[in-house]
Amino acid sequence: MGILRIRTTVDERPGRLASLAAALASRGGNILGLSVQSDADGTVDEFVADIPAAPATVREALEAAGGRRVRVVPATAHELTDEPTRALLLASRLRAAPWRLPELLAELLRADDARWIYGDPVSDLPDPTRLVVPVAPRRAVRLRRAELPFTLTEAARAGAFARLAQPAAEPDPADRAVTLSDGVQVALHPLTAIYREAVRDLHDRCSPESRRFRYFTSMPALPPRVFERLCDRNRGHSLVAGYDGQVVGMANLLFTADPGTAELAFLVEDRWQGRGLGTAMARALVRAARDLGYAEVRATMLADNVRMRRLLISLGATLAHTEDPGVMEARLPVGAMASA
């Protein structure tokens with residue numbers, strides 16, 4: 001049949017990619033390109049392959065290998081261009097002509113249609129073949145792609161690409177103040193080794209229940225190796241909240257092996273809970289995840305952690321039970337964080 005673009009969703013289990021590759025090979029396929037993306041209910045593997053089999057035969061082989069929602073569409077040799085190089089060339093064109101944003105977004109995501117939309121966002125049923133990319137208040141680009149639904153990773157790419165067309169923002173200071181619901185101002189700082197003793201004191205002041213909600217055990221002290229990991233900017237991005245010389249809260253964004261996904265967790269001293277501090281830290285880290293190129297933030301919590309559940313729902317997250325009846329998982333696409 002020639003060159004095909006093949007996309008399938010798979011469960012996040014070791015060996016799934018190898019199974020799919022073997023299924024394509026069994027049909028005479030030669031894989032020419034591969035990308036792995038995060039989506040709402042699993043990992044999306046996308047292949048560009050030179051394969052003689054018919055699309056229906058390819059679809060059946062991948063479904064037998066564990067693939068879900070398999071899509072097979074024709075591709076061209078032009079689509080074999082190195083993806084990072086192609087994105088950089090499009091970014092260069094956008095910087096020279098930012099008014100061409102819809103056209104270049106369509107080229108970036110191989111969309112069938114792209115156009116400006118104005119006014120309040122259209123409220124209708126979710127349509128995976130449509131992507132709305134906010135550009136400014138009451139202004140966005142709407143993309144449509146009939147044959148291949150958009151993934152969360154593609155939504156993050158589109159959002160990052162659109163920011164290239166916007167005026168440069170003032171640099172975000174490393175240390176910034178947030179005002180809580182009772183009017184008290186708390187300073188947020190990046191977590192570094194200088195806060196070692198202050199974080200230890202935070203754990204001492206927190207109740208066993210607060211520590212249990214954070215670590216799934218009432219850990220009396222944070223082990224040094226865990227603190228070092230939280231400070232490592234190659235493994236995550238963490239904040240502390242300071243007031244009157246004390247650290248009263250800590251929030252952690254941890255990078256994961258799941259493409260496009262980071263893990264969120266935080267600990268707030270008991271007397272500071274219910275005042276908006278957790279929400280402020282969560283918002284700061286979700287924005288950081290967006291700027292780092294992540295498509296989604298997840299959080300795993302004990303089912304009886306009511307405050308955490310309410311907080312994440314208020315940001316726009318969806319909650320689901322896990323295989324453990326006492327544990328829940330929240331998933332928040334970084335572009336969907338509720339404003340407030």
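The values are calculated or read from the model by the stated rules, or taken from the named source; none is laboratory data. Owing to the predicted nature of the structure, the values given are computational and were not obtained by experimental measurement. Methodologically, a virtual Cβ is constructed for each residue, glycine included, from the backbone with ideal geometry; neighbour enumeration extends over all protein chains shown. With ligands, DNA and RNA removed, areas are computed over all heavy atoms of the protein, side chains included. Shrake-Rupley method; radii C 1.70, N 1.55, O 1.52, S 1.80 Å.
Just one of the listed residues (295, 262, 299) is among the hydrophobic types (A, V, I, L, M, F, W, C), closer than 24 Å to residue 321 by Cα and in contact (Cβ under 8 Å) with a residue 60 or more places away in the chain, namely 295.
Of all the residues in region 191-243, those that are part of a loop (DSSP other than H, G, I, E, B) and either at pLDDT 95 or above or not acidic (Asp, Glu) (or both) number 15.
Checked against (1) closer than 19 Å to residue 280 by Cα; (2) open to solvent by 40 Å² or more (accessible area, probe 1.4 Å), residue 253 passes all but condition (2).
Filtering 290, 307 for residues that are open to solvent by 10 Å² or more (accessible area, probe 1.4 Å), part of a helix (DSSP H, G or I), closer than 21 Å to residue 41 by Cα and touching a residue at least 12 places away in the same chain (Cβ under 8 Å) leaves a single hit, 290. Residues that are among the β-branched types (Val, Ile, Thr) and surrounded by 14 or more Cβ atoms within 10 Å (Cβ to Cβ) within region 190-244 comprise 199, 240, listed in sequence order. Listed by first and then second residue, the pairs with beta-carbon distance under 7 Å, at least 6 apart or on different chains, first residue in region 1-22 and within 14 Å of residue 61 (Cα to Cα) and assigned to a strand (DSSP E or B), second open to solvent by less than 50 Å² (accessible area, probe 1.4 Å) and of a type in the set (Phe, Trp, Tyr), are 6/47. Residues of region 37-69 that are open to solvent by less than 60 Å² (accessible area, probe 1.4 Å) and part of a strand (DSSP E or B): 37, 38, 39, 42, 43, 44, 45, 46, 47, 48, 49, 51. The residues in region 117-143 that are in a strand (DSSP E or B), modelled with pLDDT of 80 or more and open to solvent by less than 90 Å² (accessible area, probe 1.4 Å) can be counted, and the count is 10. Restrict the check to region 327-338 and report whether at least one residue is touching a Gly at 6+ places or on another chain (Cβ under 6 Å), of a type outside the set (Phe, Trp, Tyr) and assigned to a loop (DSSP other than H, G, I, E, B). Yes: one or more hits.
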